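The numbers here are math on the coordinates, done by the rules we state, and not lab data. Here the structure is a predicted model, which means the values were calculated and not measured. Virtual Cβ from ideal backbone geometry, glycine too; neighbours counted across all protein chains shown.
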Amino acid sequence: MEALIFDNDTVKVHRLYPCFGSMLYKVSKKDYKNDDFFDKSIECIDVDSYETARCAGHTSMDEQPTADAAIGVRKHLGGGRFSKPAMMIVELRMDYETGKNLSGSNMSDKIKHTNELLGMDTIMHGTCYFVFRNNVIQVVRSRFDSLKKEYKGLKKSEAVSTYEFDQLVKSSECYPYQYENDPKEIKAQLLNSLEKDGVGGFFDTVIFWIDKARNYKYRHNLDEYQGIVDVVRLVWVSFRKGQGAQLQDDDELYAEMAEEDNPELEDGNVQA
């Protein structure tokens, strides 16, 4: 099973959010008042409520089947990296005790119409999830997988239990960023270059790491960029206040030029 995080910012910028934004657990409470499902931080679009409001007052417009909600998600790519955000359809089926009453055509229609309501310009996650209770998932999944073979509209959908959904969709805090370049090793390398290679070698090492940090920034890995910059800045500022406060003229000029050309070295927001 893929690893996802919920992304509330994606939900908040959707055109339906101002009127039909909600929390996933609140949507579930409408039908399952005595149960507590889902992380209470997950925001969503209440698609059912939108469809009801859209058809209200129009005698010629019958409500069509829709999924319960759509949430924002990102794929976890490993090492604390995440994909671009997308909206994901979630249908709540915690009232089912067997798979016999599952309708392939109804579920397919829900997916199709929900996609239409969310809009063609909405980037959608590749899989839709139908959520069932833990004690029936094995029986239901067997029937669900059979229907997927019969109905093309269900091909990119999965049946999961409430427990599996909680394991599938987590907070980003569950996946802390893992640095490719250990900040502690960078600091040790900088200090070692100053001790063994003198000021000139230290300057070269500082610029090496700033350039490397920028390469990560150009590749949109801002976590790695910031991790490198923070430790280089910390060591640089410490140097300038200590040994670097009494540099020879040529070295002082070089240090000032380095600071002018590399704003990352500016003394500000230094994290210990």
Q. Using alpha-carbon pairs under 8 Å, 6+ residues apart, how would you state the relative contact order of region 80-196 in percent?
A. 31
Q.
Per residue of region 258-265, what does 6.51 cos²θ - 1.76 cosθ + 1.60 with θ = phi - 60° give for ³J(HN,Hα)? Whole Hz please, x for Gly and Pro, Karplus curve as stated.
A. 4, 5, 5, 7, 10, x, 4, 8
Q) Per the helix-only calculation at 222 nm, which mean residue ellipticity applies to the chain, given -39500 (n - 2.57) for every DSSP H run of n ≥ 4 and division by its residues, nearest 500 deg cm²/dmol? A) -15000 deg cm²/dmol
Q: Please list, in chain and number order, the residues 5+ apart from Cys128 or on another chain whose amide H is under 5 Å from its amide H, with Hs placed from the backbone.
A: Ser157, Glu158
Q: Among Asn134, Asn115, Asn34, determine the one that fluctuates most according to a GNM of the chain built with springs between C-alpha atoms less than 10 Å apart.
A: Asn34
Q: Please give the direction-averaged projected area of the C-alpha convex hull for region 98-151, in square nanometres with one decimal.
A: 4.2
Q) Counting other Cβ atoms within 10 Å of each Cβ, which chymotrypsin sites (Phe, Trp or Tyr not before Pro) in region 195-272 have at most 11 and sit in a DSSP loop? A) none
Q: For Asp31 paired with Met257, estimate the spin-label separation in nm (one decimal), with each label point 7 Å from Cα along the Cα-to-Cβ line.
A: 6.9
Q) Where the Cα atoms of the chain are projected onto their three principal axes, how long is each span, largest first, in whole Å? A) 84, 41, 35
Q. Taking springs between alpha-carbon atoms closer than 10 angstrom, which of His125, His220, His76 fluctuates most in the Gaussian network model of the chain?
A. His220
**Q.** Rg [Å, one decimal], Dmax [Å, integer] - region 1-115, C-alpha atoms
**A.** 15.4, 53
Q | region 95-254 pair-distance distribution - Cα-Cα, 10 Å bins, rounded % | A | 9, 24, 17, 11, 12, 13, 10, 4, 0
**Q.** Excluding exposed DSSP-loop trypsin sites (Lys or Arg not before Pro) (at most 14 other C-beta within 10 Å), longest clean stretch of the chain
**A.** 157-218
**Q.** Qualifying lysines (Cα of each under 30 Å from Cα of Lys100; at least 8 residues distant if same chain)
**A.** Lys26, Lys29, Lys30, Lys33, Lys110, Lys112, Lys148, Lys149, Lys152, Lys155, Lys156
Q. Just in region 139-205: which GluC sites (Glu not before Pro) are loop by DSSP and have at most 15 other Cβ atoms within 10 Å?
A. Glu180
Q.
Give me the percent relative contact order of the chain, please, defined on Cα pairs under 8 angstrom at least 6 residues apart.
A. 15
Q: Lys and Arg at +1, Asp and Glu at -1: add these up for the other residues within a Cβ distance under 14 Å of Tyr179 and post the number.
A: -2
Q: Would you please give the residues with an amide H less than 5 Å from that of Glu266, counting only those at least 5 places away or on a separate chain, with H modeled from the backbone geometry?
A: none
